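Colleague: Supplied in structure tokens, the structure appears directly below.
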Amino acid sequence: MTVSRTKRGGWRLGAALALAAAVALGAAGCASLDTRERELVFRPVREYVRTPADLGIDYQDLWIGVAREGGGTERVHAWWLPAARPDAPAILYLHGVRWSLGNNLTRIARWHQLGFAVLAIDYRGFGRSDGDLPSESQIYADARAAWAELERREPNRDRRFIYGHSLGAAVAIDLASRVDGAAGVIAEAGFTSLADVVAETNGALALLVTQRFNALERAKSLRSPVLFMHGTADRLVPPAMSERLYQAAPQPKRLHWIEGANHGNWNGAGLDEYRRVVLEFVGSARTLALSGGS
């Protein structure tokens, strides 16, 4: 797969995360450093207002068990949006920080409109999922548990895909580097590592980051085709970070710039081109999976 390039716009890092972290982490004592960092990084919300039913989409509420650190189990809340066609591809949807499933409804519905069956999860501490304050290791575990559920629902490897946006892109890359059963992974608006994002504002502060989400390192070990997508007007995560991820990943891979799109792409920039690129990638990845390639 090849890289498609368009002129990239500039960006300005005005991330509240980096600015707040510079103040709070610098002032926090050692005992509270980990907790304060995780509060600033994830900013989980319990808000749960909208569901796919509000858009006329049939769905099921699911509860996925995951091991609790220290013993016992907790539950991850998920939505399952079945596709209209029984032979449609299925995708695991991994969202970014702060917002819950309800706040990601428009983006989740977009994937359903593209023809996918969608399994979307809230990490522990978000939405209706169990737990309080997430951690990097817990979020990775939640994604692995959700992937096992997707494998159960869709037994055909050529139909299984992973998608992540922003921090979810780092989670998707980590998952896709560890599992063998994905036809492809799509990482949108991803960063190289959380420390790199913080370093854009304060290089010394980046050394204190423990929730690192080192997607650049994990990208080197991807086991399936990958599509990187990034808005050219993203002022939160530099588009150049997706280019670095692309350079690190093994073939087959593709990089696509969404002209004029910001980090959230709520303005719908480039949706027709978005659809074309995604469906081309999915078709190529499915063909490769059916041929026994990797």
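Colleague: Using DSSP H assignments, which helices in the chain have an axial alpha-carbon span of 20 Å or above and a mean Kyte-Doolittle hydropathy of 0.0 or higher?
Modeller: Values: long enough: 136-153 (26 Å, -0.93); 271-290 (28 Å, 0.35).
Helix filter hits for the chain: 271-290.
Colleague: Sort the following peptides by mean Cβ neighbour count (other Cβ atoms within 10 Å, averaged over residues), highest first: 180-187, 40-47, 64-71, 232-239. Spell out each step's value before the answer.
Modeller: On the way: 180-187: 24.0, 40-47: 18.8, 64-71: 12.5, 232-239: 21.1.
Order by mean packing, descending: 180-187, 232-239, 40-47, 64-71.
Colleague: What is the order of ARG286, ARG75, ARG85, fewest Cβ neighbours within 10 Å to most?
Modeller: Details: ARG286 20, ARG75 16, ARG85 9.
So the residues, fewest neighbours to most, are ARG85, ARG75, ARG286.
Colleague: Set Lys and Arg Cβ to +1 and Asp and Glu Cβ to -1, take the dipole of region 112-153 about its Cα centre, and tell me which of GLN138, GLY115, PHE126 lies farthest positive.
Modeller: Toward the positive end, the furthest listed residue is GLY115.
Colleague: So, in nm, how far is label GLN251 from label ARG128 when the simple model puts each one 7 Å beyond its Cα toward the Cβ?
Modeller: Going from the GLN251 label point to the ARG128 one covers 4.6 nm.
Colleague: May I pose another question? For region 189-286, just the Cα atoms, rotate onto the principal axes and tell me the three extents in Å, largest first.
Modeller: 43, 33, 18
Colleague: Given +1 on the Cβ of Lys and Arg, -1 on the Cβ of Asp and Glu, and no further charges, what dipole in debye does region 16-290 carry about its Cα centre, rounded to the nearest 20?
Modeller: Details: 31 positive and 31 negative charges, 75 e Å.
Magnitude of the dipole: close to 360 debye.
Colleague: For region 254-294 and region 101-163, compute the distance between their C-alpha centroids and round to whole Å.
Modeller: 19
Colleague: Suppose R0 equals 25 Å. What FRET efficiency, 1/(1 + (r/R0)^6) with r the Cβ-Cβ distance, do ALA240 and ASP180 give to the nearest 0.05?
Modeller: Working: r = 30 Å, r/R0 = 1.22.
Computed FRET efficiency for ALA240 and ASP180: 0.25.
Colleague: What number results when the radius of gyration of the chain, computed over Cα atoms, is divided by 2.2 N^0.38 Å? If you can, show how the numbers build up before the last one.
Modeller: Values: Rg = 18.1 Å, N = 294, 2.2 N^0.38 = 19.1 Å.
Against the compact-globule rule of thumb, the ratio is 0.95.
Colleague: Hey, another quick one. Taking the beta-carbon count within 10 Å as an exposure proxy, list PHE126, PHE116 from fewest neighbours to most.
Modeller: Working: PHE126 28, PHE116 23.
Placing the least packed residue first, the sequence is PHE116, PHE126.
Colleague: I would also like to ask the following. Using label points projected 7 Å from each Cα along Cα→Cβ, tell me how many nm separate ARG144 and GLU280, to one decimal.
Modeller: Between ARG144 and GLU280, the simple spin-label model gives 3.6 nm.
Read-outs: derived from the displayed coordinates by stated rules, not from any lab. In this text, all values refer to a predicted model and were calculated from it rather than measured experimentally. All Cβ positions, even for glycine, are placed from backbone atoms using ideal geometry, and neighbour counts span all protein chains on display.
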